[in-house]
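Below you'll find the structure, written out as structure tokens, and then a few comments.
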Amino acid sequence: MKGAGTWGGMPGFSLMELMIVVAIIGLLSAIALPVFNSVRQASQNSAAVNDLRTFSEAFSSYILETGTYPPDASAGQVPEGMAGRIAVTRWTRTTPIGGNYDWDYMVSGAVAAVGITAPVADVDQLRRLDQRADDGNLSTGNIQFTGGALRMIIE
């Protein structure tokens with residue numbers, strides 16, 4: 001006669017015990033997943049803000065030395081004269097929040113701005129990025145989201 005918790009006379013777990021373990025694992029993952037996503041987004045935001053600040057400083061240094069900003073460049077392309085001033089591999093890779101880095105000169109109402117075109121981050125994540133680095137409002141301040149691009153305005 002086979003008893004509870006046995007399978008073919010071998011000791012094992014009952015179906016009820018397995019269901020309880022699966023339920024506990026499900027609860028733990030339901031708790032951990034939002035926390036993991038929050039930490040991941042905070043890390044992405046931190047890396048993106050760091051890149052934007054680093055690139056903005058390089059462009060600010062460029063105008064101090066040359067008297068003018070480099071001409072506008074397409075997203076993902078290193079602006080003329082900036083190859084020795086910025087890390088080209090960082091500029092040309094996909095940004096931590098998706099999309100490509102972009103140099104805007106005399107575009108979208110700003111004289112000079114470093115941008116991220118077509119970020120895949122949702123508006124809530126972009127708002128948290130703005131709160132971390134600016135005023136928390138994507139329509140005002142030094143960091144703005146317009147025309148599908150996030151821009152750190154230099155001037």
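The values are calculated or read from the model by the stated rules, or taken from the named source; none is laboratory data. Because the structure is a prediction, the values reported are computed rather than measured. As a convention, Cβ positions derive from the backbone with ideal geometry for all residues, glycine included, and neighbour counts pool all protein chains shown. Accessible surface areas use protein heavy atoms only, side chains included; no ligands, DNA or RNA. Shrake-Rupley method; radii C 1.70, N 1.55, O 1.52, S 1.80 Å.
I'd like the FRET efficiency for Asn142 and Leu28, computed as 1/(1 + (r/R0)^6) with the beta carbon distance as r and R0 of 41 Å, rounded to 0.05.
0.50
Quick check for you: with a 1.4 Å probe and neighbouring chains kept, what is the accessible area per residue of segment 62-155, in Å²?
49
For segment 85-155, report the translational diffusion coefficient in µm²/s to the nearest whole number, using Stokes-Einstein at 37 °C, 0.692 mPa s, and a Kirkwood Rh over Cα pairs.
268
For Glu155 and Ala83, what does the FRET efficiency come to when R0 = 25 Å and r is the distance between their Cβ atoms, rounded to the nearest 0.05?
Result of the calculation: an efficiency of 0.70.
Can you find, among Tyr69, Leu33, Val120, the residue farthest towards the positive end of the dipole of segment 1-121? Put +1 on the C-beta of Lys and Arg, -1 on that of Asp and Glu.
With unit charges placed on the Cβ atoms, the residue in question is Leu33.
Can you list the trypsin sites (Lys or Arg not before Pro) in segment 55-111 that are in a DSSP coil and have 16 or fewer other beta carbons within 10 angstrom?
Arg93
Take peptides 140-152, 107-119, 19-31 and line them up by average Cβ neighbours within 10 Å, highest first, as a rough protection proxy.
Result, highest mean first: 107-119, 140-152, 19-31.
Tell me, what ³J(HN,Hα) does each residue in segment 69-78 have, in order and in whole Hz, if you take phi through Karplus 6.51 cos²θ - 1.76 cosθ + 1.60 with θ = phi - 60° and put x for Gly and Pro?
7, x, x, 4, 10, 6, 4, x, 9, 6
Nothing charged except the Cβ atoms of Lys and Arg (+1) and of Asp and Glu (-1): what's the magnitude of the dipole of segment 76-155 about its Cα centre? Round to the nearest 20 debye.
Result for segment 76-155 is approximately 260 debye, rounded to the nearest 20.
Tell me, what is the FRET efficiency for Phe36 and Ser60 to the nearest 0.05, using R0 = 25 angstrom and their Cβ-Cβ distance as r?
The pair Phe36/Ser60 has a calculated efficiency of 0.10.
Just the projected area, averaged over all directions, of the convex hull on the alpha carbon atoms of segment 2-155: how many nm²?
12.9
If I model a spin label as a point 7 Å beyond the Cα along the Cα-Cβ vector, how far apart are those points for Met19 and Val123 in nm?
4.4
Length gain on complete extension for the stretch Asp135 to Thr68, per 0.36 nm per residue less the alpha carbon to alpha carbon distance?
Separation in residues times 0.36 nm, less the Cα-Cα distance, equals 21.3 nm.
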